[in-house]
1. Looking only at GluC sites (Glu not before Pro) in DSSP loops with at most 15 other Cβ atoms within 10 Å, what is the longest site-free stretch of chain B?
2. What is the dipole size for the protein assembly as shown, taken about its Cα centre, with +1 at each Lys and Arg Cβ and -1 at each Asp and Glu Cβ, in debye to the nearest 20?
3. Positive end of the charge dipole of segment B:2-318 (Lys, Arg +1 and Asp, Glu -1 on Cβ, about the Cα centre): tell me which of B:L283, B:F61, B:P273 has its Cα farthest that way.
4. Place +1 on the Cβ of every Lys and Arg and -1 on the Cβ of every Asp and Glu in the protein assembly as shown, take the dipole about the Cα centre, and give the residue among A:W85, B:I129, A:A108 whose Cα lies farthest towards its positive end.
5. Eigenvalues of the Cα gyration tensor times 5, then square-rooted: what semi-axes does that give for segment B:2-318, in whole angstrom, largest first?
6. Got the relative contact order for segment A:58-165 handy, in percent, Cα pairs under 8 Å and 6 or more residues apart?
7. Sort largest first and round to whole Å: the equivalent ellipsoid semi-axes of the protein assembly as shown, each the square root of five times a Cα gyration tensor eigenvalue.
8. For helix A:269-294, what angle does its Cα long axis make with the longest principal axis of chain A, in degrees from 0 to 90 and rounded to 10?
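Each reported figure results from applying straightforward, stated rules to the coordinates on display, with no laboratory input. Computed from a predicted structure; not experimentally measured. Virtual Cβ from ideal backbone geometry, glycine too; neighbours counted across all protein chains shown.
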Amino acid sequence: MILFVEQALNGLQYGSMLFLLASGLTLIFGIMGVINLTHGAFYMVGAYSAAFAVLSTGSFLVGIAAALIGAGLYAVLVEVAVVQWLYRRDHLYQVLATLGLILFTNEAVSMIFGRRPPLMDIPPFLQGSVPLLPGLDYPLMRVGFIVTGALVAIGLWALVNHTRVGMLIRAGADDREMVDALGVDIRRLYTLVFGLGGALCGLAGVMAAPLLAIEIGMGERVLITTFVVIVVGGVGSVRGALVGALLVGMVDSLGRAYIPQLLQLSLPASTADTLGAGLVSASIYLLMAIVLLVRPNGLLPARG
Amino acid sequence: MTSRLRLAVIAGGLLFLLAAPYLAQVTGSAGLLGLANRIAIYAIAAVSLDLILGYGALVSFGHAMFFGLGGYAVGIVAFHTGAGEPMLGWQGSNAALIVWPLALVACALLAAIVGTLSLKTSGVQFIMITLAFAQMVFFVLVSLQSYGGDDGLLLDRRNTLPFIDLSRPTTFYYVCVALLIGWTAFCARVVNSRFGLVLQALRQSERRAINLGVDPFPFRLTAFIISAIGTGLAGVLWANYARFVSPDMAAWSKSGEFIAIVVLGGLGTLLGPIAGAAVFIALEQILSIWTEHWMIVMGPILTLVALFGRRGIAGRLFGERNG
């Protein structure tokens with residue numbers, strides 16, 4: 001039971017991280033119709049910015065600021081320099097252009113920051129663990145991650161549904177030409193959404209940095225999982241991203257804990273281990289396949 | 001003018017492919033033959049991908065899974081044959097005429113499953129889903145600890161053909177070129193058949209084709225499977241060429257490379273992707289000799305190709321895309 005609760009919490013924490021990435025990506029796709037592979041690179045830029053800010057100042061808060069600003073600015077730069085020319089082009093060209101940007105970013109980051117992965121410690125105020133249940137002490141850093149994810153989800157909901165910018169975002173997703181015709185500077189709105197998506201990636205990067213390894217290529221791995229989240233949740237919808245992120249987080253984390261055990265009940269140990277390892281890494285893709293069979297547009301697709 | 005230029009370029013390219021071993025011998029650089037061989041193998045994958053990318057407008061971002069599977073089928077059979085451990089009661093074999101078709105059947109089966117699921121979607125979901133399935137294959141390959149896991153598998157020797165000695169580099173190269181020419185000719189026939197025309201009609205206007213009574217799914221699935229078989233063939237040849245397979249063959253970046261080669265060469269031209277493969281592989285080689293940070297140049301080149309190179313090399317040479 002304790003194991004189950006702990007794994008469920010881990011799933012929640014992983015889901016929080018996936019939501020930070022997926023919400024920005026799905027907004028960018030929903031509004032601008034662009035498939036942006038560089039999204040994972042924003043996450044990496046955020047993690048590296050944070051690690052080096054913390055290394056030189058020692059303050060985690062400065063690290064957060066550096067991640068938000070670094071990743072946000074890089075996202076704006078990418079939008080202005082490359083992506084804005086691709087809005088009306090086929091998805092194929094968007095894939096190719098942003099793929100080129102990934103290769104560029106990976107190499108540039110390794111040239112600037114060096115090949116050795118930087119280390120980032122858990123900040124003092126998030127060290128230690130809290131007793132959640134008798135017999136279950138859960139790391140404070142992970143609790144912080146879950147809380148951050150929840151706050152961002154509420155914040156995004158408020159932003160999209162109860163502000164003027166949010167109204168424009170929704171309108172832009174429905175009919176960009178009409179918004180443009182009504183005198184709204186849609187170009188600025190696009191850049192803004194891109195920057196917002198980048199900043200959310202940066203936030204995910206700084207929160208993940210003490211828990212996971214910071215390295216070149218960290219962005220792509222998580223990007224592909226983020227795609228799974230978006231396909232499961234429904235492309236273009238923030239609510240879908242939330243549901244998809246939590247579902248994928250849970251399946252991944254509970255799968256890691258229980259699939260090998262379940263297989264060992266029925267199969268010899270060596271076969272169970274090999275098969276288990278494969279099944280664990282494939283579990284979220286199986287989830288995606290099942291969702292697709294039942295609901296090809298995802299669980300909560302955007303309207304229209 | 002264009003048709004003569006076209007003929008000249010095709011003849012020139014063919015001549016280069018056929019003369020590469022001779023050129024390598026004259027210039028004394030064994031590297032040139034390897035380079036030409038890599039180009040020929042990648043070109044088979046690129047032509048296959050062009051079949052669905054250019055003619056079917058199905059942007060598969062996961063074709064590396066077939067490249068990887070084709071390679072691993074060869075690698076795994078060779079592993080069991082070499083170690084003398086039967087697999088599922090089969091002693092294994094080193095004969096290309098047995099192993100290669102087996103590998104291609106495996107690719108076709110995988111393509112049938114992945115295609116059936118992925119073709120339920122379209123557009124950006126299709127891109128993401130093919131990518132995710134390829135990633136799944138990648139992770140399964142990494143988790144195959146008995147076949148080397150992350151490090152991959154070394155092959156003792158190449159598969160054998162009757163009367164043809166594949167272990168000689170020049171002979172193996174000519175087999176690859178022959179397969180490239182044969183496969184391209186087959187794809188050209190497919191594209192110009194009724195089947196190919198329906199596929200292109202679906203690309204141009206899905207709604208109109210459906211109203212003319214076409215059910216898109218079987219056409220697209222068949223094209224997807226043919227394309228996967230060709231990419232699997234490239235993987236089979238690669239495993240024999242390098243005598244090494246690793247999960248990197250199925251990595252997402254490999255799928256990206258294939259797309260880049262097709263777009264660079266020219267979508268929907270079949271011959272264009274061969275030129276694309278030549279330019280891409282040669283560029284990669286030159287840049288990586290020049291600097292270890294060659295990605296910092298290659299990345300922006302791909303971005304520029306996407307931004308400006310709408311028609312690719314073949315489009316520039318020959319005018320409009322075919323079909």
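1. It works out to B:1-291.
2. 1560 debye
3. Checking the options against the dipole of segment B:2-318, the answer is B:P273.
4. A:W85
5. Details: eigenvalues 168, 132, 75 Å².
That gives 29, 26, 19 Å for the three semi-axes.
6. Value for segment A:58-165: 13 percent.
7. 41, 30, 24
8. 30 degrees
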